[in-house]
Every structure is written in structure tokens, then in C-alpha cells.
């Protein structure tokens, strides 16, 4: 589950991570009130207005701007709220901005210059360990840094049985070129950041930039946080942070129906039971000259109601030109699935305008094929994987 910047910062702050303070606003009047409140609390007279959407690169799309007075806070907020923000991480249509974060200006003048760093905490799937990735090149696209100057990216892996050790936090600070008070502040920052990552059951924390202020304070100026959905039952307050407006509406509907669905960019819809079979089915579609339009796992109870819900969700994608149903009858009998497909097809009537290919293997697979063949419905029943591949290729031709 992705969070907005202000929500990620709330979690960071709760674990002792220093953050750039800000107040969320839903209209230009709230934005002005937020700016006044920040001035009273922090003394700031300049403000940063940030669009709150689930996408990076907001500044490139005009979603992050500096306001030097309250009048600019009002006008900039009024311009950003309601706009369709297009960034390198959104579609060409962009995402609608429903709220902004009014932040204090932390780039204040001083005796020494400010510095920006990149830092993230995530799982290294190759080693099965968490790692901290960091760089001196903060404020830039980390992908660009990795491509052009990979030697400026460092990683520190953490033994899960030991956690982050003190020498590792100091090593990170040294590699960032820090010393004195700034080094001590960075050690505290890294330790608190890793604690926040572990205790919030997050999949990723990305802070870009981490800022060293002119008076050697270390703080998170931005926060991109992804929580582990499977652990939300332990964090009811985090679950309430979900902003469904930022998510794919088809995926939201599927989730509400109890279906595991991921929207993709292809032309062949998939309905499968089991994640492994689903991945194999997607490979089959690809090898047949098609592109999978989705990942849809209906689980072990593929009855008429779930099958119908699956069909309706798949068909919401106008790019779908065919549907491949690939079910292994282990927990659920194939003939029950077949009856569910027949009933769902009849219930939906003219709503189905694309070819449907059905492969059922396992318990009562023969009876299932006979049931579908005898239904008189325009459903292509196959037995083997290769038959399914050939049929997909045929209907797409």
C-alpha cells in the first residue's frame, strides 16, 4: 500500500526521524491557514507547496513550488489542487491532485552550505536481507545516478538476526562524507529510519532528499513509503491511510470482491486459480503472440458468483480481445468450475463480446469439458497447455 508524502512523514516522525514539517490542505484557504500555523510554530516565512499524489517526479510536472509569501501560497495552491499532474511515473493523462502539503522552508542560509543525499530501505530479494541504499547524489533520479555514476551508490546489508549495528550507521555517515556534529546526526537519523522501516512493516522507505541543513541537522525532506499489505492487520491506523482515489479503480473493485487482481497492458484476460499457474498462463499467452491484460487469481472457490465477478472485472478493460480461463481442480472440482462458467456466461448475456478459452485440469476434468461442450455456448474448451496456446493464437489472428 502506497502512502502520500505527508503520511509517510507522520510515520517517520513517530519513530524519531527528523522531518521537514508540513500541514496538508485540501483547498487554497486551508493552505493559507496552514502556512500561518507553520510560521507560528517554526518561524518560516517561505513555504514549499507540494502536490500529494502517489507518483515521483512531482517537481518536474509543476507539482512542487516555492511560495515566498501568503499570497503566493494561496495562488500556487489554487493552481495545483485539481490539476492533472503528469510526471515520469504517471500515465500521459496524469493524476488528479486532491490535496497539497504546505511545508516549512528548510533551505535557510547559514555559515555552511546545505547538502542533499539519497537514502532508501528495502529488501534485497537475492540475499533475503534488508539493505540501506544511499548516495551523495540526493535530489536526483536514482535511476539516472545508477546508470551514469554507479560508483556513487552504496549499499549496506543488515543481518536480520542482529539488526542495524552501530558501526553500520557510522559507515553510512562516513561514506556520505560527513564529520563532527553532522556525522552524529546522520547516525541517529539512519538508526531511527531503520527502526521505522522494521516496526511499521514497510516494503520500502525512500527519502530523496535527505537534507543536511546549514546548521548540521539531518532531516527527511521527502518520503515515499510502501507498506506491506499482508501486515496491515497489525496496523489498523495505517490501513486507514489508504487513499483509494490514487489506486487503479478496477483493482480496487477486485479487491473488494475478494479477488487477487493486477491490471496489465495486454490484450488477453486471464482467470486462474493459484499464483504459480497464473504466472505460467501469462507466459503461455506471451509465447502465443498475445500479451496478458491482467493477473487474476480467483482462489480455490471458483463458483458461478466469483467467475462472473472475474469476467465483469476483466471486461472493464477495453483492450481485452480474448479471455483464457485456466483452472486446476484440486480443492475445487473442475465440473463445479465449468458449471460456474456456464452460469456466469448465461447471466451476463451480451456483456461478453470476446472469445473465451477454458482449460480445466484435475478432479473431474473430463466431466467439466463435457459440460461446457454440451452447453451450446461459444466457449472454446481445451485440455492441454499447447491447445490453449494454439487457441489463443487462433482467436487473436
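For segment 37-68, give me each residue that is under 19 Å from residue 104 (Cβ atoms) and in a helix (DSSP H, G or I).
Listed by number, the residues that qualify are 37, 38, 39, 40, 41, 42, 59.
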**Asked** For segment 69-92, how many residues are under 14 Å from residue 52 (Cβ atoms), in contact with a helix residue (DSSP H, G or I) (Cβ under 6 Å, 6 or more places away or on another chain) and not in a helix (DSSP H, G or I)?
**Response** 2
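Here are some residues: 113, 143. Which one is surrounded by fewer than 20 Cβ atoms within 10 Å (Cβ to Cβ) and more than 26 Å from the chain's Cα centre (by Cα)?
Among 113, 143, only 113 is surrounded by fewer than 20 Cβ atoms within 10 Å (Cβ to Cβ) and more than 26 Å from the chain's Cα centre (by Cα).
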**Message:** Checking residue 6 against (1) touching a residue at least 60 places away in the same chain (Cβ under 8 Å); (2) part of a loop (DSSP other than H, G, I, E, B); (3) surrounded by 17 or more Cβ atoms within 10 Å (Cβ to Cβ): exactly one of these is not met. Which one?
**Reply:** (2)
**Asked** Residues in segment 152-161: is at least one surrounded by fewer than 17 Cβ atoms within 10 Å (Cβ to Cβ) and in a helix (DSSP H, G or I)?
**Response** yes
**Prompt:** Restricting the first residue to segment 82-97 and requiring it to be on the phi > 0 side of the Ramachandran plot and modelled with pLDDT of 95 or more, which pairs with a second residue that is surrounded by fewer than 18 Cβ atoms within 10 Å (Cβ to Cβ) and not in a loop (DSSP other than H, G, I, E, B) meet a Cβ separation below 9 Å and a spacing of at least six or different chains?
**Reply:** 82/96
**Fill in**
Picked from segment 18-36 (must be out of contact with any strand residue (DSSP E or B) (no Cβ under 6 Å at 6 or more places or on another chain) and outside any helix (DSSP H, G or I)), the residue nearest to residue 239 (Cα to Cα) is 26
**Request:** Kindly list the number of the only condition in (1) under 27 Å from the mean Cα position of the chain (by Cα); (2) closer than 17 Å to residue 275 by Cα; (3) assigned to a loop (DSSP other than H, G, I, E, B) that fails for residue 319.
**Result:** (2)
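The values are calculated or read from the model by the stated rules, or taken from the named source; none is laboratory data. Being a predicted model, the structure only gives us computed values, none of them experimental. Ideal geometry is used to build each Cβ from the backbone, glycine not excepted, and the neighbour counts take in all protein chains shown.
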